[in-house]
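Only one structure is covered here, and it is reproduced in the block below.
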Amino acid sequence: MLIGGAGAAIAASVSIVDNSFGPKVITISVGQSVTWTSSGSNPHTVTADNGAFDSSPSCPGSISNCIHNGQSYTHTFSSIGTFPYHCKIHGAPGGIGMSGVVVVTAANGSPPPGGLPNTGAGPHLQILFGAGVTLVLLGAAVLFRSRRNA
């Protein structure tokens with residue numbers, strides 16, 4: 001099943017696997033299309049952070065309207081720019097969780113205004129990692145102390 005627009009040449013494909021987009025960042029030229037195809041068992045959406053496109057507007061309220069295994073969604077990009085997107089079920093705007101970026105360059109390959117996106121780990125991942133390490137160390141200390149006192 002193909003959801004979404006058609007007409008422009010498909011320039012790139014993105015795999016939707018539980019729970020990630022691959023590749024995470026893709027670059028195409030203006031006027032080209034990207035097709036996302038699900039090969040996982042979980043339902044997903046492909047939703048622009050700014051609302052410019054949405055594979056499944058009524059998902060997750062209606063799970064049957066989400067993208068499922070074997071289904072695809074295609075979107076044609078008609079302007080240059082950087083378009084971050086996410087899954088409404090497993091991600092959030094701003095690169096949190098299941099997310100990706102489409103970079104649309106001019107036909108001559110010039111980067112969009114503002115340059116290419118920084119795809120490194122954001123500060124939220126560093127905070128989560130630090131909190132996780134702290135909890136593990138705290139748990140180890142409690143376990144050590146309880147065994148020592150037993």
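Can you name every residue in segment 40-53 that is assigned to a strand (DSSP E or B) and over 11 Å from Ile67 (Cβ atoms)? Talk me through it step by step, then tell me what you get.
Of segment 40-53, the ones assigned to a strand (DSSP E or B) are 44, 47-48.
Within segment 40-53, just Ala48 meets the criteria.
Within segment 21-39, count every residue that is part of a loop (DSSP other than H, G, I, E, B) and over 14 Å from Gly91 (Cβ atoms).
Filtering segment 21-39 for residues part of a loop (DSSP other than H, G, I, E, B) gives 23-24, 30-32, 39.
Those left that are additionally over 14 Å from Gly91 (Cβ atoms): 23, 30-32, 39.
Count: 5.
Might you check whether a residue that is among the β-branched types (Val, Ile, Thr) and buried (at least 22 other Cβ atoms within 10 Å of the Cβ) occurs anywhere in segment 78-97? Reasoning before the result, please.
If we filter segment 78-97 for residues that are among the β-branched types (Val, Ile, Thr), which is where we start, we get 80, 82, 89, 96.
Going one step further and asking which of them are buried (at least 22 other Cβ atoms within 10 Å of the Cβ), we end up with none.
Among the residues of segment 78-97, not one is among the β-branched types (Val, Ile, Thr) and buried (at least 22 other Cβ atoms within 10 Å of the Cβ), which makes the answer no.
How many residues are charged (D, E, K, R) and either closer than 15 Å to Ser15 by Cβ or in contact with a Pro (Cβ under 6 Å, 6 or more places away or on another chain) (or both) when one looks only at segment 45-87?
Summing the residues that are charged (D, E, K, R) and either closer than 15 Å to Ser15 by Cβ or in contact with a Pro (Cβ under 6 Å, 6 or more places away or on another chain) (or both) in segment 45-87 gives 1.
Identify all residues within segment 55-74 that are part of a strand (DSSP E or B) and either crowded, with 22+ Cβ neighbours inside 10 Å or free of Cβ contacts under 8 Å to residues at least 12 places away in the same chain (or both); write none if there are none.
Step one: filter segment 55-74 for residues part of a strand (DSSP E or B), giving 67, 72-74.
If the condition is that a residue be part of a strand (DSSP E or B) and either crowded, with 22+ Cβ neighbours inside 10 Å or free of Cβ contacts under 8 Å to residues at least 12 places away in the same chain (or both), then Ile67, Tyr73 are the ones that fit.
Taking segment 29-70 as the region of interest, how many residues are touching a helix residue (DSSP H, G or I) at 6+ places or on another chain (Cβ under 9 Å) and within 22 Å of Pro111 (Cα to Cα)?
0
Of the residues that make up segment 102-115, is at least one among the small types (Gly, Ala, Ser) and modelled with pLDDT of 95 or more?
First, the residues of segment 102-115 that are among the small types (Gly, Ala, Ser): 106-107, 109-110, 114-115.
Among the residues that remain, those that are also modelled with pLDDT of 95 or more are: none.
No.
So is Ser13 assigned to a loop (DSSP other than H, G, I, E, B) and of a type in the set (S, T, N, Q) or not?
no
Output the number of residues of segment 33-52 satisfying the condition of being hydrophobic (A, V, I, L, M, F, W, C) and surrounded by 19 or more Cβ atoms within 10 Å (Cβ to Cβ).
Looking only at that region, the number is 3.
The values are calculated or read from the model by the stated rules, or taken from the named source; none is laboratory data. Computed from a predicted model, the values in this text were never measured in an experiment. Glycine gets a Cβ as well: all are built from the backbone with ideal geometry, and neighbour counts include every protein chain shown.
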